[in-house]
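Reviewing the structure listed below.
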Amino acid sequence: MTKKHVAVLMGGFSSERPVSLSSGNACADTLEAEGFRVTRVDVDRNVGAVLAELKPDVAFNALHGPFGEDGTIQGILEYLAIPYTHSGVLSSALAMNKEQAKKVARAAGIPVADSKIVNRFAVEGEHPMAPPYVVKPIAEGSSFGVVIVKEDQSHPPQIISSPDWSYGEQVMVERYVHGRELTCAVMGDVALGVCEIVPTGHAFYDYDSKYVPGGSKHETPAKVSPNIYQKIQTLALKAHQAIGCRGVSRSDFRYDDRHSENGEVVWLEVNTQPGMTPTSLVPEIAAHAGHSFGDLLSWMVEDASCLR
């Protein structure tokens, strides 16, 4: 039986293009090794015409950032009636907008940090909230544009209102949660496992600590108490379902255990297009749960559909 023809969508034109190319090529190589017929598509604004001519059985979405994970490419694939991986139009758009996703999570009983949306120029003169806090773009990934303001910082970050800022006029200002960086992968309707991310030589889990080899250490499974481990799995699955995610997703958390083991667990966001690079978290978490990279990608191809 001939295996499916899979078009791996990668590259694109967001700030996360290099990450997407790395994810896409890793996925394409592995799917070829699994016996699929693979076509690599470096996505540009002519992608609709390219896919209409190519007529693949499945589109494996390895795009990251705006256009790739905000519902836009998903809408094109729906229009072309090409089954695709990961989340659908609505859940992709919702998850990409951090503030709207938090509203849905909060309504579902998931703990989130207090935040507000402000114009970036409103941050220029005075602190928008008492430090410490985090300023982040509303709809970017890979920690692009994230700025942490510490307790002793006398003025707000000037980069937000400078001409060099390229992440939109509106920004989210969010209470900074002390503690450890934890993440949990979800595959279908199962929370696979929890990993702790420890940045090495970086103030937080920024772009370099995500994608440069040696930029962070991953503790899989995370060394936390069984009740915290299970709580994070429960919350990750609840977020996946509340936002309407499909296929594979990954939820990020902060865990403040400075004062007690039970501490404070705060959900940050859900990533509907988790990275699939050699240093990525989901393949590592899946492997610990007994799913090889090939098995994981094959499952995602078979799970692909329209109307997600």
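The values are calculated or read from the model by the stated rules, or taken from the named source; none is laboratory data. The shown structure was predicted, so the numbers you read here are calculated from the model rather than taken from an experiment. With ideal geometry, Cβ positions are generated from the backbone for all residues, glycine too; neighbour counts draw on all protein chains shown.
Observations on the model:
- Residues (touching a His at 6+ places or on another chain (Cβ under 9 Å) and either part of a loop (DSSP other than H, G, I, E, B) or within 11 Å of VAL248 (Cα to Cα) (or both)) located in segment 275-302: GLY275, THR279, PRO283, TRP299, MET300
- Subset of segment 28-47 (residues that are in contact with a Leu (Cβ under 6 Å, 6 or more places away or on another chain) and either modelled with pLDDT under 95 or closer than 18 Å to LEU296 by Cβ (or both)): THR30, LEU31, VAL38
- Top-ranked residue of segment 91-111 - restricted to ones that are crowded, with 20+ Cβ neighbours inside 10 Å and among the aliphatic types (A, V, I, L, M), ranked as farthest from LYS136 (Cα to Cα): ILE110
- Test: residue in segment 137-158 that is assigned to a helix (DSSP H, G or I), touching a Phe, Trp or Tyr at 6+ places or on another chain (Cβ under 7 Å), modelled with pLDDT under 95 and surrounded by fewer than 15 Cβ atoms within 10 Å (Cβ to Cβ): no
- The residues on offer are ALA203, ALA222, and the sole one that is of a type in the set (A, V, I, L, M), modelled with pLDDT of 95 or more and in a loop (DSSP other than H, G, I, E, B) is ALA222.
- Residue match in segment 66-88 (condition: modelled with pLDDT of 95 or more, over 23 Å from the mean Cα position of the chain (by Cα) and surrounded by fewer than 16 Cβ atoms within 10 Å (Cβ to Cβ)): yes
- The residue list ALA81, ALA105 contains one member that is more than 30 Å from ASP164 (Cβ to Cβ) and touching a Phe, Trp or Tyr at 6+ places or on another chain (Cβ under 8 Å), which is ALA105.
- Residue check for GLU284: more than 28 Å from GLU78 (Cβ to Cβ) and of a type in the set (Asp, Glu): yes
- With respect to the conditions (1) at pLDDT 95 or above; (2) over 18 Å from ALA113 (Cα atoms); (3) not in a strand (DSSP E or B), LEU235 falls short on a single one, namely (2).
- ALA130 being at pLDDT 90 or above, not in a helix (DSSP H, G or I) and not assigned by TED's automatic domain parsing to the domain that holds PRO18: yes
- Single match in GLU32, GLU16 (criterion: without any contact (Cβ under 8 Å) to a residue 24 or more places away in the chain and surrounded by 14 or more Cβ atoms within 10 Å (Cβ to Cβ)): GLU32
- Residue that is farthest from the chain's Cα centre (by Cα), among those in segment 149-204 that are within 21 Å of GLN273 (Cα to Cα) and of a type in the set (Val, Ile, Thr): VAL190
- Conditions (1) in contact with a helix residue (DSSP H, G or I) (Cβ under 8 Å, 6 or more places away or on another chain); (2) β-branched (Val, Ile, Thr); (3) without any contact (Cβ under 8 Å) to a residue 60 or more places away in the chain; number of the one not met by VAL50: (1)
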